[in-house]
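J.: Quick one: structure below, then a few questions.
The values are calculated or read from the model by the stated rules, or taken from the named source; none is laboratory data. These figures come from a predicted structure and were not determined experimentally. Ideal geometry is used to build each Cβ from the backbone, glycine not excepted, and the neighbour counts take in all protein chains shown.
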Amino acid sequence: MKAVTVVPIAKGIGKEHLTYFSAKDITVGTIVSVPIRNKIIDALVVETSDVENTKSEIKEASYQLKKIEKVKGTSLFSDAFLHTVDLARRYYLTQTGAMIEAVVPKVLMTHAQSLNHPAKEKESDKPTIKQEKVAFQAPLEDRLVYYKTFIRESFARKQSVFITLPTIHEIETFAETLAKGIETYTFVLHSDLPAKEIVLLYNQILDEPHPVLIIATPSYVVIPRQDIGTYIVERENSSAYRLIERPQIDMRLFVEFYARERNKKYILADTFLRVETLFRIDVHELGEVASSVFRLPQGVEIDIVDTKRSDAPVVVRKKFQIISDEALATIRSAIAAKKHVFLFTLKKGLGSITLCNDCGEALLCDMCASPMRLVQNATGDRMYRCNRCKRTKDATTPCSLCGSWNLIALGIGTDRVYEELHSHFPDVPLFRVDKDITKTDAAARKVMREFYKTKGAILLGTEMTFFHLDNKVDYSVIVSFDSLFSLPSFRIHEKILQLYLTLHSYTEKKIIIQTKNPREEIIMAIKHSNALNWYRSELKMREAAHYPPFTMLMKISYRGIKDEVEKAKAEFLLALHDYHPVVFQSTEAKIKGVYVVNAVLKIARERWILSFLNDSNTYDKKLERILRSLDPEASIQIDPEDLL
């Protein structure tokens, strides 16, 4: 009889290890099924011993040992992968099992018994030179040309290449280009594939004697192919790399952890990298494939339309005009020529910008000149807030141009745009992609197929449309550029630039940008096709506000009834006192008696970047202990996307 210690591969277990018994000899590293709370879950065996040797401990235990239900097969996890999981577990303040459950595709765990397992990597196979970590900021076409050459050079060195992208659509697009000529050695993996096909491809990858190219979502980094020499994180600026559910892991960082653990080359690449990544180049944490290109892609005409221009005050107009005369003229011309037009809007029902109803001037932040919007806090008080730098203004603030008190909050969503398009073009085929109309990917793909087949058609959509644009459109219109600033993030300018670059990559002839603030810095960068000045300005703003990359942000949140939230708030203030937390209740509206309290910490970068990343011993173990001691129901986000 054996006592078997396992790591349960699931969230919310509360314990790092559990012990079971088995009549079989089970080796360390085996995947088994175990009973926990009336459920059967997967677990990883980390230790075994004879029951005779642990009889006294078992007798003294407050629980009765349960039997292992099933032995599923040898572990697919390499030592390097498990070491990476342990590092990431500490970094994200979670448990080993929760980390494995989050980063490993479920299909591989379910079909573990069907997967091939390679021999362990020998110490002699590991590179002895210092790891190479580089960034690559360049237009997509230039990156693809570089990859084609780099992959073939890697093959010549008998090395495989792993390229990860955040979405299935982008994976398929890259594979179509990079697989040409090496189709036999190119493997594509993502969640839309049937389980049987994933198992087949996984085994083929391990069995193929020739070096291979793997293009996959980041969770497939677990594949233990020993000759992978380079890990490439493409579309590095995409927020889709961050997992939505707890623990909210950034898979870009997990892949970097793994590449560092295996001492393999690591490349971060995009048309425009994150500000944090560009800063790492500046301080020599990252090298460069080539000097970063700050010049924005050209070849498409850019028309910036100032929508507040008018000889008459807004108040005397018959109706607020959503689509400008310039945009309407372009759409009419495109429809007559049987071309395709795409109108992008942020989302439905968003009060995203505040305007003067007398002169049309937008209300801007005094600190960073971003549009402000009207919000209501938890106590019901109203104010204007900048979503970029969080500055506020009193709700009674007048117009800075004409002094009028007649300010109005406007939101331009798909419903309003659809109605206006239909009124101007009642006989033109009009397609729409957003979460209200196309609730599933299949529904969105069906709409897109019909749109591309229909000549002289108009497409209206939100950001989800970008995941389904298979071909370019002739003309694009950003209906309300100003509404983009309503996104609650200090990274808002960076996100807006990425949205623009994505739209640019799918537009053939012209992009029309409608705005009431044509002097906005990010618009000037787009107008002049150069983002270097914007990047320098963004760095200064973040340094002044103590935002990343100059600090590491942590957000601790608690949801519950009012009394529970007040108790959590007091706990945050007491436990984190030495770290000067900013504690506040969420500005979200109260829903069915549920309240939210947040605590934000700004920590020096070197105090939370694990020592293996910067070769220092400054990691704050005291803070780790404090955070792990908080109420288990508290959600802890490391480097969150936003602070609200």
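J.: Specify the residue that is surrounded by the most Cβ atoms within 10 Å (Cβ to Cβ); the eligible residues are those in region 251-269 that are part of a strand (DSSP E or B) and touching a helix residue (DSSP H, G or I) at 6+ places or on another chain (Cβ under 6 Å).
T.: So, considering only residues that are part of a strand (DSSP E or B) and touching a helix residue (DSSP H, G or I) at 6+ places or on another chain (Cβ under 6 Å), the one surrounded by the most Cβ atoms within 10 Å (Cβ to Cβ) is Leu268.
J.: Another question, then. Being in contact with a Ser or Thr (Cβ under 9 Å, 6 or more places away or on another chain) and among the hydroxyl-bearing types (Ser, Thr, Tyr) is the filter; apply it to region 171-201 and report the residue that is farthest from Arg143 (Cα to Cα).
T.: Ser191
J.: Just to verify a result, which residue in region 399-413, among those that are small (Gly, Ala, Ser) and under 28 Å from the mean Cα position of the chain (by Cα), is surrounded by the most Cβ atoms within 10 Å (Cβ to Cβ)?
T.: Looking at residues that are small (Gly, Ala, Ser) and under 28 Å from the mean Cα position of the chain (by Cα), I get Gly413.
J.: Sort out which residues of region 547-572 are hydrophobic (A, V, I, L, M, F, W, C), more than 29 Å from Leu278 (Cβ to Cβ) and touching a residue at least 24 places away in the same chain (Cβ under 8 Å), and write them in order of number.
T.: Selection gives Ile561, Val565, Ala568, Phe572.
J.: Cβ-Cβ under 7 Å, sequence separation 6+ or interchain: first residue in region 446-457 and within 11 Å of Asn471 (Cβ to Cβ), partner surrounded by 13 or more Cβ atoms within 10 Å (Cβ to Cβ) and modelled with pLDDT of 95 or more. Which pairs?
T.: Phe451/Phe431; Phe451/Ala457; Phe451/Leu459
J.: So which residues in region 66-115 are in a loop (DSSP other than H, G, I, E, B) and aliphatic (A, V, I, L, M), if there are any at all? Explain how you work it out, then say what you get.
T.: First, the residues of region 66-115 that are in a loop (DSSP other than H, G, I, E, B): 68-69, 75-78, 92-95, 104-105, 111, 115.
Answer for region 66-115, where residues must be in a loop (DSSP other than H, G, I, E, B) and aliphatic (A, V, I, L, M): Ile68, Leu76, Leu93, Val104, Leu115.
J.: Can you pull out the residues in region 324-346 that are under 30 Å from Pro398 (Cβ atoms), modelled with pLDDT of 80 or more and crowded, with 22+ Cβ neighbours inside 10 Å?
T.: Selection gives Thr345 alone.
J.: Checking the conditions here, which among Arg432, Arg416, Arg449 is crowded, with 16+ Cβ neighbours inside 10 Å, of a type in the set (Lys, Arg), outside any strand (DSSP E or B) and on the phi < 0 side of the Ramachandran plot?
T.: Answer to the selection: Arg416.
J.: Among the residues of region 428-462, which ones are within 17 Å of Ala327 (Cβ to Cβ) and touching a Pro at 6+ places or on another chain (Cβ under 6 Å)?
T.: Selection gives Ala457 alone.
J.: At least 2 residues that are surrounded by fewer than 17 Cβ atoms within 10 Å (Cβ to Cβ) in each: list the strands (runs of 3 or more DSSP E) lying fully within region 119-227 that qualify. Working first, answer last.
T.: Details: elements: 133-137, 160-164, 186-189, 213-216.
Per the criteria, no element qualifies.
J.: Count, please, the residues in region 522-540 that happen to be surrounded by fewer than 18 Cβ atoms within 10 Å (Cβ to Cβ) and in contact (Cβ under 8 Å) with a residue 60 or more places away in the chain.
T.: Residues meeting the conditions: 5.
Conditions tested, residue by residue: (1) modelled with pLDDT of 85 or more; (2) in a strand (DSSP E or B); (3) within 27 Å of the chain's Cα centre (by Cα); (4) in the same structural domain as His83 (by TED's automatic domain parsing).
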residue: Glu564; (1), (2), (3), (4): yes, no, no, no
residue: Leu574; (1), (2), (3), (4): yes, no, no, no
residue: Thr587; (1), (2), (3), (4): no, no, yes, no
residue: Leu601; (1), (2), (3), (4): yes, yes, yes, no
residue: Asn617; (1), (2), (3), (4): no, no, no, no
residue: Lys622; (1), (2), (3), (4): yes, no, no, no
residue: Leu627; (1), (2), (3), (4): yes, no, yes, no
residue: Pro632; (1), (2), (3), (4): yes, no, yes, no
residue: Leu643; (1), (2), (3), (4): no, no, yes, no
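J.: Take Arg143 and tell me if it is of a type in the set (D, E, K, R), within 21 Å of Val104 (Cα to Cα) and in contact with a strand residue (DSSP E or B) (Cβ under 7 Å, 6 or more places away or on another chain). I'd like the intermediate steps shown before the answer.
T.: Working: of a type in the set (D, E, K, R): yes; within 21 Å of Val104 (Cα to Cα): no; in contact with a strand residue (DSSP E or B) (Cβ under 7 Å, 6 or more places away or on another chain): yes.
The answer is no for Arg143.
J.: Tell me which residues, restricted to region 501-525, are touching a helix residue (DSSP H, G or I) at 6+ places or on another chain (Cβ under 6 Å) and closer than 18 Å to Ala138 by Cα.
T.: Hits for region 501-525 are Thr502, Ala525.
J.: Identify, please: which residue in region 347-396 is at pLDDT below 70 and in contact with a Pro (Cβ under 6 Å, 6 or more places away or on another chain) and is, among those, nearest to Lys540 (Cα to Cα)?
T.: By that ranking, first place goes to Asn387.
J.: Among what's in region 474-501 and is among the aromatic types (Phe, Trp, Tyr) and in contact with an Asp or Glu (Cβ under 9 Å, 6 or more places away or on another chain), pick the residue that is surrounded by the fewest Cβ atoms within 10 Å (Cβ to Cβ).
T.: Among those residues, the one meeting the criterion is Phe490.
J.: Only one residue in Arg235, Arg246, Arg260 is within 15 Å of the chain's Cα centre (by Cα), within 29 Å of Phe272 (Cβ to Cβ) and touching a residue at least 40 places away in the same chain (Cβ under 8 Å), so which one is that?
T.: That would be Arg235, the only listed residue that is within 15 Å of the chain's Cα centre (by Cα), within 29 Å of Phe272 (Cβ to Cβ) and touching a residue at least 40 places away in the same chain (Cβ under 8 Å).
J.: For the subset of region 270-285 comprising residues that are in contact with a Phe, Trp or Tyr (Cβ under 9 Å, 6 or more places away or on another chain) and either among the aromatic types (Phe, Trp, Tyr) or within 18 Å of Ser239 (Cβ to Cβ) (or both), which member is surrounded by the most Cβ atoms within 10 Å (Cβ to Cβ)?
T.: Here the answer is Phe272.
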